[in-house]
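Student: First, the structure itself, so that you have it in front of you.
Just so you know, all these numbers are worked out from the coordinates, no wet-lab data involved. All values reported here derive from a predicted model rather than from experimental measurement. In this analysis, Cβ positions are derived from the backbone assuming ideal geometry, glycine residues included, and neighbour counts consider all displayed protein chains.
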Amino acid sequence: MTLRQDALLRPLDEWLAGKFEPRYLPATIAELIAATTFPEIPARPADAQHELELGACDRKLAQYRAALAWRWAQANRASDGSLPSGSDIGREHGRHERWGRLVKRAGLAGELDPQT
C-alpha cells in the first residue's frame, strides 16, 4: 500500500496540532505519560552505601554552612551588640528567613561548634 505524502501530512498535522490545544493539553500529557515506559534499573548493593555516604556528606556540609553563617552573624553585630536578624542572616547566605532564624537559635544555644 502506498500513501501520497500530501494526502497524509495535512490531516496528520491538523490532528497533532489539535492534541496540543490548551483545552486538550492535560489529556495529551496523560496519554504521553501512560504510553511511556521506563526501564527498570536494578539496584546495586553499593548504591545503598553510596546514598548513606552522600547523606552524611550533605549533613556535614549543612553544618559547615550554618557554622559559617553563625560566624558571619557574630562578626556583623549592630552597634548595640545585637545580632543580625534571621532574615538578614538568611538573605546574606542566599537562604530563607526561617533558615537564618534556625542558625541564630542554634548559634545562641552553642550548637554550632566550628570544630564539628
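For (1) within 25 Å of the chain's Cα centre (by Cα); (2) polar (S, T, N, Q), each residue gets a yes or a no:
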| position | (1), (2) |
| --- | --- |
| Leu16 | no, no |
| Phe20 | no, no |
| Leu25 | no, no |
| Ala34 | no, no |
| Cys57 | yes, no |
| Pro84 | no, no |
| Ser87 | yes, yes |
| His93 | yes, no |
| Lys104 | yes, no |
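Student: Let me ask something else about it. Among helices (runs of 4 or more DSSP H) lying entirely in the range 1-101, which contain 2 or more residues that are of a type in the set (A, V, I, L, M) and surrounded by 10 or more Cβ atoms within 10 Å (Cβ to Cβ)?
Tutor: Result: 5-19, 25-35, 45-75.
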